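The values are calculated or read from the model by the stated rules, or taken from the named source; none is laboratory data. Note that the structure is predicted; figures quoted are calculated from it, not measured. Don't worry about glycine lacking a Cβ; one is built from the backbone with ideal geometry, like all the others, and counts go over all protein chains shown.
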Amino acid sequence: MSLAMKKDCQICGHTLDAQSEAYICVHECTFCKNCTEERGHICPNCSGELVRRPRTPLTTAAACPLG
């Protein structure tokens, strides 16, 4: 099961592409860096920890062979 790579910050609406620095909680709520830092890396929806979302590879050649 892969991440649902949401394209916008759930607070300010800032566009987040696959290479943007974004943060997610265990439920995949998604936030930009500024909104994450303003909330002390705590998800305002579930109070879970917000961690940096992994970035997708720039080329498909770098894709995981297990996926």
Could you list, in sequence order, all residues of segment 31-67 that are exposed (fewer than 14 other Cβ atoms within 10 Å of the Cβ) and modelled with pLDDT of 95 or more? 34, 37, 38, 40, 42, 45, 46, 47, 49, 51, 52
Residues in segment 1-30 that are surrounded by 11 or more Cβ atoms within 10 Å (Cβ to Cβ) and in contact (Cβ under 8 Å) with a residue 40 or more places away in the chain: how many? 2
